[in-house]
Amino acid sequence: MALWGGRFSQAADQRFKHFNDSLRFDYRLAEQDIIGSIAWSKALVTVDVLSYDEQKKLEIALTELLDSVRQDPQQILQSDAEDIHSWVEQKLIEKVGDLGKKLHTGRSRNDQSTTDLKLWCKAEIAHLISAINQLRKRLVLTAEQHQDAVMPGYTHLQRAQPVTFAHWCLAYYEMLTRDESRLQDTLKRLDVSPLGCGALAGTAYPMDRDLLANWLGFSTATNNSLDAVSDRDHVLELLNNASIGMVHLSRFAEDLIIFNSGEANFVELSDRVTSGSSLMPQKKNPDALELIRGKVGRVVGALTGAMVTFKGLPLAYNKDLQEDKEHLFDALDTWQVCLDMASLVLEDIKINYQNCQDAAKQGYSNATELADYLVAKGIPFRQAHHIVGEAVVAAIAKQKALEELTLEELKVFSDVIENDVYPILSLESCLAKRSAKGGVSPIQVKFAIDNAKQQLSL
Ligand code: ARG
């Protein structure tokens, strides 16, 4: 039976009922709905709607329901209740009879559903932060292992300057650190309870809403009831956080897919995260990474979908807002599983040091060093840049690296060049010179690793 039958003389069309019902997805809010209901029953004691004994009976029944839901959440899906709020109330009435019918006094599903979702978001943020930190740890440990793995760094996907695999890992560590802090920021703003705002104008029972908020673990109660029942900023923020996080993961995936290609052959992915081709026996495909890269689409889609759904809604609650949950659940589930998969991929990745180093030596990625060398000998940088450009063209024609040109060949471009140029052109020197904060020098990378380990208590 629906919660609102009194005004209606005809039953809902089955097709409409299916269209309107949200139980098939909001059943995930069962725990939060029950916990919110227990707190609400306590608030009703403070305004003399329930006696202390009645409240105790309700609390015992709700706690039993909570245990049973924790053991078997799928049981909820057997019901034809409209939504999770109706389901919990129905079950409560089955357990305690008419007393259960008192619980909804002064409350609306409008403040209830947004309270439930906010509680769910708080728990979910904790799970996401833990998955992010798992991956941050994995990135730092991988960086620590591969500080000596020199490989090409790219701009425009053209070899630019040598870097190390460790420095590459730490770049993603930084992105993940920002993702974590964005979640912490969101948490601060969403930590405000809408319960007690009623349908839109506030509850008619003069309760202490801040106290009620505290019982539920919120730091305070919302200021304006019209806003509170229709605010979904936290949903948008989380979808935005997830989108940015997924953009990071998809760049991570794309880099590794390139590194894993036959052309680069810098890394080898484990059999545990790759799959074969049904036709081509030699294939080992980076499916885990491709799916991470691909799934950013649905997460950004969810953000766009929610934005468009919420735009232009008149105050206060409208049923459109029920659309918030499927977007959010899908996007956050996707983000979570992609974080887990990214950690798994790194767990036993192999780095082909020799191939990485050979590639770093190609592509004239030490050309900047030669320009800096000329600068040190008094040639203005712009002119030095031009001279090195000519030297690179000549070296390409001779199919040699810069360091393979003889001193005589180099002197053609500038007579300030001497034998002391050769150590400058080595990979070790290219790396070591970039020793200002954030640079790729082994000392800076070690420093960054130590800092990260300290932050993560590793
Ligand atoms: N299931 C709804 C939601 O998720 C809550 C119900 C509010 N319904 C209503 N008619 N006021 O938003």
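Annotations
- Residue that is farthest from the ligand (Cβ to nearest atom) [pool: residues in the stretch 116-143 that are hydrophobic (A, V, I, L, M, F, W, C) and within 13 Å of residue 32 (Cα to Cα)]: 123
- Among the residues of the stretch 72-89, those identified as surrounded by 17 or more Cβ atoms within 10 Å (Cβ to Cβ) and of a type outside the set (A, V, I, L, M) are 82, 83, 85, 86, 87, 89.
- The set of residues in the stretch 95-127 being β-branched (Val, Ile, Thr) and either over 28 Å from residue 201 (Cβ atoms) or in a helix (DSSP H, G or I) (or both) consists of 96, 114, 115, 125.
- Test: residue 92 is assigned to a helix (DSSP H, G or I), of a type in the set (A, V, I, L, M, F, W, C), closer than 30 Å to residue 434 by Cα and away from the ligand (no atom under 16 Å from the Cβ): no
- For residue 113, the requirement of being crowded, with 21+ Cβ neighbours inside 10 Å and within 16 Å of the ligand (Cβ to nearest atom) is met.
- Members of the stretch 12-67 that are out of contact with any Phe, Trp or Tyr (no Cβ under 9 Å at 6 or more places or on another chain) and of a type in the set (Phe, Trp, Tyr): 16, 19, 40, 52
- Output for the stretch 55-109, where each listed residue is polar (S, T, N, Q) and either closer than 17 Å to residue 43 by Cα or assigned by the TED database to the domain that holds residue 319 (or both): 55, 63, 105, 108
- Number of residues in the stretch 1-41 that are among the acidic types (Asp, Glu) and farther than 23 Å from residue 58 by Cα equals 2.
- Sole residue being under 34 Å from the mean Cα position of the chain (by Cα) and within 14 Å of the ligand (Cβ to nearest atom), chosen from 26, 67, 72: 26
- Those residues of the stretch 130-168 which are touching a Pro at 6+ places or on another chain (Cβ under 9 Å) and of a type in the set (Asp, Glu), in sequence order: 148
For every residue, the table says whether it meets (1) touching a strand residue (DSSP E or B) at 6+ places or on another chain (Cβ under 6 Å); (2) assigned to a helix (DSSP H, G or I).
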| position | (1), (2) |
| --- | --- |
| 151 | no, no |
| 161 | yes, no |
| 166 | no, yes |
| 174 | no, yes |
| 180 | no, yes |
| 184 | no, yes |
| 188 | no, yes |
| 196 | no, no |
| 200 | no, no |
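- Screening residue 48 against (1) in contact with a His (Cβ under 8 Å, 6 or more places away or on another chain); (2) more than 16 Å from the ligand (Cβ to nearest atom); (3) of a type outside the set (A, V, I, L, M, F, W, C) leaves a single unmet condition, (1).
- Per-region count, the stretch 434-452, residues touching a helix residue (DSSP H, G or I) at 6+ places or on another chain (Cβ under 6 Å) and over 21 Å from residue 373 (Cβ atoms): 4
- Checking 337, 299, 308 one by one, the residue that is under 16 Å from the mean Cα position of the chain (by Cα), within 16 Å of residue 240 (Cβ to Cβ) and in the same structural domain as residue 260 (by the TED database) is 299 and no other.
- Filter pass, residue 214 being in a loop (DSSP other than H, G, I, E, B), out of contact with any helix residue (DSSP H, G or I) (no Cβ under 8 Å at 6 or more places or on another chain) and modelled with pLDDT of 95 or more: no
- Filtered by the rule that a residue be within 12 Å of the ligand (Cβ to nearest atom), among the hydrophobic types (A, V, I, L, M, F, W, C) and within 12 Å of residue 30 (Cα to Cα), the stretch 75-87 gives 84, 87.
- Some residue of the stretch 230-248 being assigned to a helix (DSSP H, G or I), touching a residue at least 60 places away in the same chain (Cβ under 8 Å), within 16 Å of the ligand (Cβ to nearest atom) and surrounded by fewer than 18 Cβ atoms within 10 Å (Cβ to Cβ): no
- Per-region count, the stretch 215-229, residues touching a residue at least 60 places away in the same chain (Cβ under 8 Å) and either more than 16 Å from residue 316 (Cβ to Cβ) or of a type in the set (D, E, K, R) (or both): 5
- Residue, nearest to residue 356 (Cα to Cα), within the stretch 268-325, restricted to residues that are within 16 Å of the ligand (Cβ to nearest atom) and in a loop (DSSP other than H, G, I, E, B): 313
- Failed item in (1) farther than 16 Å from residue 29 by Cα; (2) assigned by the TED database to the domain that holds residue 205; (3) hydrophobic (A, V, I, L, M, F, W, C), with residue 117 passing the rest: (1)
The values are calculated or read from the model by the stated rules, or taken from the named source; none is laboratory data. Everything numeric in this text was worked out from a predicted model, so none of it was measured. When we count neighbours, we look across all protein chains shown, and the Cβ atoms used for this are built from the backbone with ideal geometry, even at glycine.
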